[in-house]
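Okay, so here's the structure we're looking at.
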Amino acid sequence: MARRRRRRLEEDNQDRWLVSYADFITLLFAFFVVMYSISSVNEGKYRVLSEAMNLVFGEPDKTQAAAPPPPPPEAAVDRVMEAPVAPPVEAEDPTRARLRKAAMEALQKAASQQRVYDELAISLQEWTDRDLVDIRMNGDRIEVDMKARLLFSSGDATLSRGAREALALVARSLVPIPNPVQVEGHTDNVPISNLRYHSNWELSAARAASVVQFLQSQGVPPQRLAAVGRGEYHPIAPNDTEEGRARNRRVTLLILGTEQRVFDPEQVVPWAEGPALEPPAVSEP
């Protein structure tokens, strides 16, 4: 008798792995949807991300079709009289609701940051291919290094025409987002002393201020901008070679993280397919 019960329990337990397997497949599906959505700059893919995350975490889909028109008053009264009383809806666990909200906000923020990065990478591809611009993700911020030879003449802080074209594309990506932007000027360690700038401190600060003023002229709110002169004291390469000194002469744009939403997945923005398709107009500062 005991042997029959044991055999029956073993037969009943054979299908329990399907529960864990189904949970694993659901999570794997959500992961690949996220990876697919941030693989390229496309407004439709980010909408897929939003809808998929709402489905996985139990939120209602905002894109459902509208409800059918209400029936005539007489039919509505009869239906109400015949309809059974629905059981009360159980309140959602506060802890689960808080975790779900935090997960959705984190996913939206990550997708927004990735979209801004993709936008800049597409816009500045011409200059990155020429090793004049370097774009990278660093934690919760995006760093854009622009070589000084693209932006300025030697010992000067006046933006060149090529600098204005590149910075106009950067400004186009910065205008729609709320992130603060810190512009840092850097020099090499070769002393400078001319009629206009008496030290590398002054030169680096003037170059950062020139970039900030141009971004403001392109529509970036001045409240989000800051200019910082770093001088020669934050090198990224040794100053004992001309190549290293050229790398150290740069302007860095730090697009800082923010607790606000960078991008609403339901928002249709004009540069959803990348601004590099249409060259922006460059206004003179």
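Pulled fully out, how much extra length does the chain show between Thr241 and Leu28, if you take 0.36 nm times their separation in residues and subtract their Cα-Cα distance? Spell out each step's value before the answer.
Details: separation 213, 0.36 × 213 = 76.68 nm, distance 4.96 nm.
Full extension of this stretch gives 71.7 nm more.
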(request) Collect residues whose amide H, placed 1.01 Å from N in the peptide plane, falls under 5 Å from the amide H of Asp140; neighbours closer than 5 in sequence don't count. (result) none
(message) What does the extension gain come out to for Arg149 and Asp93, with contour length at 0.36 nm per residue minus their alpha carbon separation?
(response) 14.3 nm
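Write down the Kirkwood hydrodynamic radius of the range 116-277, to one decimal in angstroms, obtained as one divided by the mean of 1/r over all alpha carbon pairs. Present the calculation step by step, with values, prior to reporting the outcome.
On the way: mean 1/r = 0.0619 Å⁻¹.
Taking the inverse mean of 1/r over all distinct Cα pairs, the range 116-277 comes out at 16.2 Å.
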(request) Could you check the simple spin-label distance between Leu195 and Met104, using points 7 Å along Cα→Cβ, in nm with one decimal? (result) 6.3 nm
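Which of the trypsin sites (Lys or Arg not before Pro) found in the range 97-148 are in a DSSP loop and have at most 16 neighbouring Cβ atoms, other than their own, within 10 Å? Spell out each step's value before the answer.
Numbers: sites: Arg98, Arg100, Lys101, Lys109, Arg115, Arg130, Arg136, Arg141, Lys147; in loops: Arg130.
Here the sparse-neighbourhood loop sites are Arg130.
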(request) Note down the nm distance, to one decimal, between modelled labels 7 Å out along Cα→Cβ at Leu256 and at Val228. (result) 0.8 nm
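Where a number appears in this text, it was derived from the coordinates with a stated rule and is not lab data. All figures in this text were calculated on a predicted structure; none of them were measured in a lab. Backbone-built Cβ (ideal geometry, glycine too); neighbour counts: all protein chains shown.
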